[in-house]
Amino acid sequence: MGKSKRNCRRTEDEVRIHEKAVKMRKMTDEQLVHYVEDRVEKARSEGFNSGKKAAGSGKGTQEFLAELQTSKIPGIGAVTINKLLKVATEHGYIQ
């Protein structure tokens, strides 16, 4: 067996992660597959819902791009911004 840390030397985060890992290792194959599938579905759902929320509020893509071209972003020059816009247009992300 590998080296193990004594519980008193673990941080709260390490203890929580260890407990989750032990729980997962004790799962049957079927339980593990269901658990992972549920997590994936939840992540997709949350991503979809946050995408809908972002699309429904705030500025649109065109306003963002117009602002991007005129704003100064430290470390990102005008040439880089123009390259990004060109690639996005060529691949159909923007028109």
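The values are calculated or read from the model by the stated rules, or taken from the named source; none is laboratory data. Note that the structure is a prediction, hence the values are computed from the model and not measured. Here the Cβ positions follow ideal geometry from the backbone for every residue, glycine too, while neighbour counts run over all protein chains shown. We work out accessible area using only protein heavy atoms, side chains counted, and drop any ligands, DNA or RNA first. Shrake-Rupley method; radii C 1.70, N 1.55, O 1.52, S 1.80 Å.
As an exercise: evaluate residue 27 against (1) at pLDDT below 80; (2) not in a helix (DSSP H, G or I) and give the number of the one condition it does not meet.
(1)
Out of 70, 80, 61, report the one residue that is in contact with a Phe, Trp or Tyr (Cβ under 9 Å, 6 or more places away or on another chain), within 27 Å of residue 94 (Cβ to Cβ) and at pLDDT below 85. If you could, list the steps in order and put the result at the bottom.
Values: 70 fails: in contact with a Phe, Trp or Tyr (Cβ under 9 Å, 6 or more places away or on another chain); 80 fails: in contact with a Phe, Trp or Tyr (Cβ under 9 Å, 6 or more places away or on another chain).
Only one candidate passes the filter, namely 61.
Look through 15, 36 and report the one residue that is open to solvent by less than 90 Å² (accessible area, probe 1.4 Å), aliphatic (A, V, I, L, M) and at pLDDT 90 or above. It would help to see each step written out before you state the result.
Working: 36 fails: at pLDDT 90 or above.
When all the criteria are applied, what remains is 15.
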